[in-house]
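Input: a single structure, listed below in structure tokens.
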Amino acid sequence: MKKDIVPIRDGYGKALLELGEINDKVIVMDADLSTSTRTNWFAEKYPQRFVDVGIAEQNMVNVAAGLSLEDKIPFVTTYGVFVCGRAFDQIRNTVCYSDLNVKIVGSHGGISVGPDGGSHQAIEDIGLMRILPNMTVVVPCDHVQAYKATLKLAELKGPAYLRLAREPTATITSEADKFSLGKADILQKGNDCAIFFTGTIGAEVIKASEMLKNEGINPTIINMHTIKPLDKEIILEYAKKFKKLVVVEEHLRTGGLGSAISSVLTEKYPIRIKHIAIEDRFGESGQPEVLLDAFGLSARKIKKQILDFIQ
Amino acid sequence: MTERKNKKIEKLKNIALELRRDILKMIAKAGSGHPGGSLSATDIGTALFFSEMKYDSNDPDWKERDRFILSKGHAAPLLYALLAKAGYFSGSELNKLRGYKSILQGHPASYLVPGVEVSTGSLGQGLSVAAGLALSAKQDKKNFRVFSLLGDGELNEGQIWEAIMFSGHNKLDNLCAIVDRNHLQIDGDTEKVMALEPLEEKWQSFNWNTISINGHDFEEILMAFEKFNQNSDKPFVIIAKTVKGKGVSYMENKAGWHGKAPNREQLEIALKELEN
């Protein structure tokens, strides 16, 4: 399998450039990390519509709230761990409670952030954002999908969280693929099990699936790029079909996609799921591939856990 | 002072008395709420809504209106009394304060109340929203002004200082912050809980123009707004020295009346003290 390896944040930066061109209501904001989040591309081309607030996430979220009240569409951007954590109250009490059209973009999701260590790896962001009323939560799987998701979120009215990642990862969707908010994508169909995933860990899931195929197991792979609103239909459809499901995510076991799916299944169709996620612990420094393996999220480890589960 | 100005101030004083009565009645009816910080800011609110700000209560979304953000959201009773008096909704709504299905939530919810720009209640957030509005006006070359009322205890919040820094940096001279400097927060004297002084110098050092006034003297309040209107290049803050619980003898300067409703007898005494 040969795929382009591109950081997902590049797709975001490219989409912002496009939005700069087609939608003059779009304002991009950053908290002193514009090079890292790729908002610097927009800043160079549209300096009058770029606001750097300095290292002040709480103020950034609420300045964005003020801009949104004037019909602007602010994309508030910084590391996911900082915006969702430090500015949670601002997101909750001003943005979501007032149902404002503010887009929160958290780059550097997951442990694959690597050497910066646990302080910089957002592993609880999906959970924190998903529990908020009025919020939409989107976790694209590669730079192509991040580009599409960003454009779609600019059209959506209301608060939204977009999770990005730092590391270059394999491109697993193509430009021609459709992208609809709230509608999961079936990446491949197989008859032996179903794997639901979200985010860039999809590249590892696909590798794991290739390994499984070598052992005669053909999985269906479903990309849950929208965590909220959750595509419940597809979850129930495949739960009924396979009677057990696998969920893979680069997020704490608590609060993320696995929690969301479990909640649907417990109520509607209780079956066993194998939830491959980060256990109750923080991340740490290391090379991304080393960390993924150590946390049970490398293709090799994913494959092994799936085999143990379905056999 | 001219005759006209005298008359205007007389009119404002009467409105303020009426609003103070409304505030106390609605809190007493609800059985809970925040009288202290509503009463301390009543004269400022009155001057804003009935002298200084441009708005049209029949068209709450009128693009040219001045924006008002109540950063100290617990002074909701004051805001509701002002909005009702200004005609945004019927005065009878005030009787439903804090009730189930009421548009008048314990703290202002913008999705329910016409005239409330944004929901507040969690302290420290309103000034940033106001700064966002002021920045937007600058970007779009609009002439509206933005006013934000802050509590002094609220200035303990770190985000307030982020917003102060941001507004000074961006030279938001269309932004006017007003600090309701009543010197009391829930746990007592602001200078004992978490000292704010020298407060005016702090704002100045963050590149704001400042003025300190008596927040119960309409002549001074109106003069401060005049100064704001001549202001340029920097945001403007009015530090309004006030008395918590102003107008009700037993509430004045008592931290205990921050968030407590008067009972029936207490209400009667208060209303008597607030007769025109």
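The values are calculated or read from the model by the stated rules, or taken from the named source; none is laboratory data. Since we're looking at a predicted model, the values are computed, not measured. Every residue, glycine as well, gets a Cβ built from its backbone with ideal geometry; the counts of neighbours run over all protein chains shown. Calculation scope for accessible area: heavy atoms of the full protein, side chains included, ligands and nucleic acids excluded. Shrake-Rupley method; radii C 1.70, N 1.55, O 1.52, S 1.80 Å.
What to note about this one:
- Selection count, the stretch A:87-107, where residues are over 23 Å from residue B:116 (Cβ atoms) and either in contact (Cβ under 8 Å) with a residue 60 or more places away in the chain or at the interface with chain B (Cβ under 10 Å from one of its Cβ atoms) (or both): 2
- Selection status of residue A:265, touching a residue at least 60 places away in the same chain (Cβ under 8 Å) and either of a type outside the set (Lys, Arg) or buried (at least 18 other Cβ atoms within 10 Å of the Cβ) (or both): no
- Checking every residue in the stretch B:48-56 against the condition of being under 20 Å from residue B:89 (Cα atoms), part of a helix (DSSP H, G or I) and polar (S, T, N, Q) gives at least one match.
- Restricting the stretch B:147-165 to residues that are within 8 Å of another protein chain (Cβ to nearest Cβ) and among the aliphatic types (A, V, I, L, M), the residue that is farthest from residue B:98 (Cα to Cα): B:165
- Residues satisfying the stated conditions in the stretch A:5-55, i.e. more than 17 Å from residue A:67 (Cα to Cα), in contact with a strand residue (DSSP E or B) (Cβ under 7 Å, 6 or more places away or on another chain) and not in a helix (DSSP H, G or I): A:5, A:6, A:7, A:32, A:33
- Selection from the stretch B:146-158 of residues that are assigned to a helix (DSSP H, G or I) and within 26 Å of residue B:39 (Cβ to Cβ): B:153, B:154, B:155, B:156
- For the stretch B:240-263, the criterion of being over 19 Å from the mean Cα position of the chain (by Cα) and open to solvent by less than 20 Å² (accessible area, probe 1.4 Å) is met by at least one residue.
- Scope the stretch A:229-255; condition over 24 Å from residue A:282 (Cα atoms), at pLDDT 95 or above and not in a loop (DSSP other than H, G, I, E, B); matching residues: A:232, A:233, A:234, A:235, A:236, A:237, A:238, A:239, A:240, A:241, A:242, A:245
- The one condition from (1) at positive phi; (2) open to solvent by 20 Å² or more (accessible area, probe 1.4 Å) that residue B:88 does not meet is (1).
- Comparison of A:14, A:45, A:25 shows that the only residue that is open to solvent by 10 Å² or more (accessible area, probe 1.4 Å), among the charged types (D, E, K, R), in contact (Cβ under 8 Å) with a residue 40 or more places away in the chain and away from chain B (no Cβ under 12 Å) is A:14.
- Within the stretch B:111-144, tally of residues that are touching a helix residue (DSSP H, G or I) at 6+ places or on another chain (Cβ under 9 Å) and not in a helix (DSSP H, G or I): 16
- Residue list for the stretch A:57-76, filter: facing chain B (nearest Cβ under 7 Å) and within 17 Å of residue A:42 (Cα to Cα): A:64, A:72
- Residue match in the stretch A:226-249 (condition: of a type in the set (S, T, N, Q), touching a helix residue (DSSP H, G or I) at 6+ places or on another chain (Cβ under 8 Å) and not assigned by TED's automatic domain parsing to the domain that holds residue A:128): no
- Pairs where the first residue, in the stretch B:198-211, is aromatic (Phe, Trp, Tyr) and the second is assigned to a loop (DSSP other than H, G, I, E, B), C-beta under 7 Å, 6+ apart: B:208/B:234; B:208/B:235
- Complete set of residues in the stretch A:261-311 that are more than 21 Å from residue A:221 (Cα to Cα), among the small types (Gly, Ala, Ser) and part of a loop (DSSP other than H, G, I, E, B): A:283, A:285, A:286
- Residue that is most open to solvent (accessible area, probe 1.4 Å) [pool: residues in the stretch B:129-138 that are facing another protein chain (nearest Cβ under 7 Å) and not small (Gly, Ala, Ser)]: B:135
- Residue B:220 vs. criteria under 17 Å from the mean Cα position of the chain (by Cα), surrounded by 15 or more Cβ atoms within 10 Å (Cβ to Cβ), free of Cβ contacts under 8 Å to residues at least 60 places away in the same chain and farther than 19 Å from residue B:69 by Cα: yes
- Within the stretch B:192-205, the set of residues being open to solvent by 60 Å² or more (accessible area, probe 1.4 Å) and under 16 Å from residue B:238 (Cβ atoms) comprises B:201, B:202, B:204.
- Residue count for the stretch B:37-69 under the criterion of being open to solvent by 10 Å² or more (accessible area, probe 1.4 Å), within 14 Å of chain A (Cβ to nearest Cβ) and in contact with a strand residue (DSSP E or B) (Cβ under 8 Å, 6 or more places away or on another chain): the result is 1.
- When each of A:50, A:82 is tested for being in contact with a helix residue (DSSP H, G or I) (Cβ under 8 Å, 6 or more places away or on another chain), more than 8 Å from chain B (Cβ to nearest Cβ) and in contact (Cβ under 8 Å) with a residue 24 or more places away in the chain, the lone residue that passes is A:82.
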